[in-house]
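Contents: one structure, followed by commentary.
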Amino acid sequence: MEEHVDEILGIKEENPVTEIASSKSEMSDESILKIIANVILVVGIISSIVLLFTVAIVQVQVQDEYSYLTKTETRWSSTGFAIAIGTFLFSIVLWSFFRVIVNISISLKELKEDKLLK
């Protein structure tokens, strides 16, 4: 009865030796890739915000029709907006790609350990 409850809850008995070995290998490979993915995401979000305010919203000098004076106008640049959105989307796609690779790697290692234990 107790084994059946453990199965339903998803609790499996782990050998502490293999648990330590798997955590060491995860620390060396997968955690580094997770950190790189998170850094790419944060840098991508920050750079897209900076690009939005520097490239998408631009100030241009416009000369007055009746005098030689120039005035500054703030204009919206659709090209700059596209660059900022592209940077944001690329960072999200790259982050999710790296996360999928990490999850696949962890799953393959778990499958390998399960086959070795059997």
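Close amide-amide hydrogen proximity is noted between SER77 and ILE57, VAL58, each under 5 Å apart and 5 or more residues distant or on a separate chain (H modeled in the peptide plane; Pro and chain starts excluded). Compactness of segment 24-117 was expressed as the Cα radius of gyration divided by 2.2 N^0.38 Å, which yields 1.87. Stretching THR54 away from LEU117 to a fully extended chain increases their span by 17.0 nm, per 0.36 nm per residue minus the current alpha-carbon distance. Listed from fewest to most Cβ neighbours within 10 Å, the set SER107, SER48 follows the order SER107, SER48.
No lab work stands behind these numbers, since they all come straight from the coordinates. No experiment lies behind these values; they were computed from the predicted model shown. Here the Cβ is made from the backbone with ideal geometry for all residues, glycine too, and neighbour counts use every protein chain on show.
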